[in-house]
Amino acid sequence: MFDATNPFHPGELKAQVRAGKTDVPEWAAGFIRPFMPDQHRDFFSQLPFLVLAGADTAGRHWVTLLDGPEGFITSSDPTALQINTTPDTQDPLATALATGSPVGMLGIELDSRRRNRMNGHMRCTAAGFVIDVDQSFGNCPQYIHERTWRRVPAGTPVRAQHSVSLSKEQTARIGTADTLFIGTGQQQREDHASNGFDASHRGGAPGFVDVVDATHLRIPDYAGNNFFNTIGNLVENPAIGLVFVDFETGGLLHLTGRATIDWEPEDSHDEGAQRMIDVTIDAVVDRPAALSLRWSTDTSGLRELVVIDKVVESADIMSFHLGSADGTPLEPFAAGQHLPIELDVPGREDVVKRSYSLSGAPGSDHYRLSIKREAHGTASRHLHDAVAVGDRITARTPSGDFVVPRGNGPLVLVSAGVGLTPMVAALHEVAGEGTERPVWYVHGARDSRHHALTDEVRQLARSSANVSVKIAYSQPGSADVEGLDYDTQGRVTTEQLLNLNVGPDADYMLCGPARFLSDIRTGLERAGVPSERIHFETFGPTG
């Protein structure tokens, strides 16, 4: 049973309360659905592998990767995903996947850093199995290390090695890993869609998992989407499964055991961890060359950019103008895409990676990132406080699929806070096309001090007869009231958007904090706006 008002089970709710995130159930329902959006279905269908979590016949939790030939994943409708392959008999989840069971699933694309999650129930077919959706939702791209993949011919299966503790070689492998996948689950509410399993990704600097000894690991838990799916499952059920991938050889190192949560770690080996997951290992299955896929770290898209200007846009947002360091043209980008950057921050052994939406005009000879300074943000504080004009920043090629919908129908750009960055780029794009497409730019800020790129947006509107601007200030100051620098007081609401009377053919692009997006998206859908006309991007952990 899917509960549209509260998609969480008691363990997740307890974890949210313990972490001080008590408002999550109020807005998260707008992101967790009993079906896959078309965007997710298309995403899953082009993946070369899936991550699956479940339990064996003894009740032990495992997580595995399942690969297949091109097109082995299909979706005939939004509530079901067809998997046209079967696991190797040495896979610790082979029996469970062959007989049908609850399962958690993660689709992840390492080269683009996209991922989406789903949990459901399996049923077997002649070609493999089907996962019937219980819950489906997207995930932010933080902590994903970019890698490109290739297929290799299937070789002779190598016999799996079984043990109850880690060998020296396995310990060394974990000690250099920058990626793992976690499987957890609980069965406390059999009639609720949150019942079952969850497959989750974890990433960090090489060695972010601490091998205490041959049967104990400590895994840092960083800031995330605040759903606490993994932690919440462990609150209810300490069983856990882990898998480490050998990206060069296709090997899988599966672990199963029990976990406890250290809510306030004092001896953390990772200063960025908000909690620690302490794992006691019960069994190990080492499967060399288990996959027909191989990955390599993608350095082909890396290039140096030079900071050619820094511009203060508001009380907490600064723009960084980045040009080519070697004089060669920059890769083009589409409005809505982001720029992945890598920073060497003093005091950090690992490279700090972040992705920021491009806020400038597509087709410009330089990139612009408009970045909010977060009080505890490692990257944003370094950029604001230490990076100067003339400094160099390593970046990858712009990417992302949050782009302006094609067509001539009305377009409504809706944002709050620093969520305006892709919307300003979109405004540049549609204004530069010279079409008569009706465009509304609707933005919410605290006040004029915290409202970035104001003059630029107003100028674009003045120069384009088809562009209208609506600004809402939630806490306008006296100077704002006197100057009438905004249109409405309060936050941007669905009612305001509906009062624009844009018609049934309008597309809505939304960007901002998660609660803002959930409220607007849910409100639009309830008003009859088709879900395929609502395009959104939320913030992941920032800093």
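Among the listed pairs 310/353; 21/353; 21/372; 353/470, those whose Cα-Cα separation exceeds 31 Å are 353/470. Charge dipole (Cα centre; +1 on Lys/Arg Cβ, -1 on Asp/Glu Cβ; no other charges) of the chain amounts to roughly 400 debye.
Close amide H contacts of residue 470 (hydrogens built in the peptide plane, cut-off under 5 Å, sequence separation of 5 or more or a different chain): 441, 442, 443. Stretching residue 392 away from residue 112 to a fully extended chain increases their span by 98.5 nm, per 0.36 nm per residue minus the current alpha-carbon distance. Straight-line reach from residue 14: taking Cα to Cα under 20 Å and skipping same-chain neighbours fewer than 8 places apart, the aspartates and glutamates in range are 3, 23, 26, 190, 191, 198, 221, 236, 262, 264, 278. Overall, the anisotropy analysis places the stretch 10-296 in the rounded class: the square-rooted eigenvalues a ≥ b ≥ c of its C-alpha gyration tensor yield a/c less than 1.5. If the segment from residue 46 to residue 525 were pulled out straight at 0.36 nm per residue, it would be longer than the present Cα-Cα gap by 169.7 nm. Remark on the chain: hydrodynamic radius 24.6 angstrom, per the Kirkwood mean of 1/r across alpha carbon pairs.
Test of understanding: extend the Cα→C-beta vector of residue 18 to 7 Å, then name every residue of the stretch 196-235 with backbone N under 13 Å from that spot. Inside the label zone: 221, 228-235. Put in line by how crowded their Cβ is, counting other Cβ atoms within 10 Å and starting with the fewest, 27, 295, 62 read 27, 295, 62.
Projecting the Cα positions of 45, 144, 219 onto the charge dipole of the chain (unit charges on Cβ atoms of Lys, Arg, Asp and Glu, taken about the Cα centre) puts 45 furthest along the positive direction. Taken one residue at a time, the phi angles of the stretch 516-525 give Karplus couplings (6.51, -1.76, 1.60, θ = phi - 60°) of 4, 4, 4, 4, 5, 4, 5, x, 5, 5 Hz. Gly and Pro are set to x. When 353, 310 are sorted by how many other C-beta atoms sit within 10 angstrom of their C-beta, beginning with the fewest, the order is 310, 353.
Is any residue of the stretch 407-448 close enough, with backbone N under 18 Å, to a label point placed 7 angstrom from the Cα of residue 462 along the Cα-Cβ axis, and if so, which? 428, 431-432, 441, by backbone N distance to the label point. Backbone geometry of the stretch 324-339 corresponds, through the Karplus equation with coefficients 6.51, -1.76 and 1.60 at θ = phi - 60°, to 3J(HN,Hα) couplings of 5, 7, 10, x, 7, x, 6, 5, x, 9, 9, 4, x, 6, 10, 10 Hz, x marking Gly and Pro. Summary value for the stretch 10-120: 23 percent relative contact order, contacts being C-alpha pairs under 8 angstrom separated by 6+ residues. Between the amide H of residue 30 and any residue lying 5 or more places away or on another chain, no distance stays under 5 Å, with hydrogens modeled in the peptide plane. Based on the Cβ-Cβ distance of residue 172 and residue 325, what FRET efficiency does E = 1/(1 + (r/R0)^6) give at R0 = 41 Å, to the nearest 0.05? The computed FRET efficiency comes out at 0.65. Projecting the Cα atoms of 305, 319, 252 onto the dipole axis of the stretch 240-338, where Lys and Arg carry +1 and Asp and Glu carry -1 at the beta carbon, places 252 farthest toward the positive end.
Relative contact order for the chain: 12 percent, from Cα pairs under 8 Å spaced at least 6 residues apart, divided by residue count. Coupling constants for the stretch 31-45 follow from the phi torsions by the Karplus curve (6.51 cos²θ - 1.76 cosθ + 1.60, θ = phi - 60°), and in residue order they are 10, 9, 10, x, 8, 9, x, 4, 4, 5, 4, 5, 4, 4, 5 Hz; glycine and proline get x. Short-range pairs are left out: with C-alpha atoms under 8 Å and at least six residues apart, the relative contact order of the stretch 85-126 is 36 percent. Close amide H contacts of residue 374 (hydrogens built in the peptide plane, cut-off under 5 Å, sequence separation of 5 or more or a different chain): 380, 381. For the chain, take the longest principal axis of its alpha carbons; what is the angle in degrees between that and the long axis of helix 420-433, to the nearest 10 within 0 to 90? The two axes meet at around 60 degrees.
The numbers here are math on the coordinates, done by the rules we state, and not lab data. Quantities reported herein were computed from a predicted structural model and do not represent experimental measurements. Here the Cβ is made from the backbone with ideal geometry for all residues, glycine too, and neighbour counts use every protein chain on show.
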